[in-house]
Amino acid sequence: MSEYAARPAPGAGGGGNLDYRVAHLAEHLAAGDLGELGVRIEIRGAAVLLTGTVPSEQCRDDVLRMAREELPGTPVHCDIVVADTAAPDHAEEVE
């Protein structure tokens, strides 16, 4: 995992059902400014795992920040990768 892994969210252990809070986070990710649908949120025991692909490091950081704000007191693990948007350095050979 990366430097983003396994740090609990700041704040007290915000009660409530974890399933409900994860669904709320997914809704915010999809409907918010990010409009991020490429991120999966999975409950792993008492922790949450974020996976998927996003277009930029800033987007990854924003998703992680939102997750920690929505899930205070819950460990959030981040395996989100940033898509490579660089132009190809060679032509593709088709046979």
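Here are some notes:
- Among the residues making up region 62-95, those that are free of Cβ contacts under 8 Å to residues at least 60 places away in the same chain, over 16 Å from residue 26 (Cβ atoms) and either touching a Phe, Trp or Tyr at 6+ places or on another chain (Cβ under 8 Å) or of a type in the set (Gly, Ala, Ser) (or both) are 83, 86, 87, 91.
- Selection count where residues are out of contact with any helix residue (DSSP H, G or I) (no Cβ under 6 Å at 6 or more places or on another chain) and more than 19 Å from residue 21 (Cα to Cα), scope region 53-95: 23
- Considering region 45-68, the residues that are crowded, with 18+ Cβ neighbours inside 10 Å and of a type in the set (D, E, K, R) include one that is farthest from the chain's Cα centre (by Cα), namely 68.
- Residues of region 55-84 that turn out to be part of a loop (DSSP other than H, G, I, E, B) and farther than 17 Å from residue 35 by Cβ, as a count: 5
Throughout, read-outs are computed from the coordinates displayed, never taken from laboratory work. Small disclaimer: the values here were computed from a predicted structure and weren't measured. Virtual Cβ from ideal backbone geometry, glycine too; neighbours counted across all protein chains shown.
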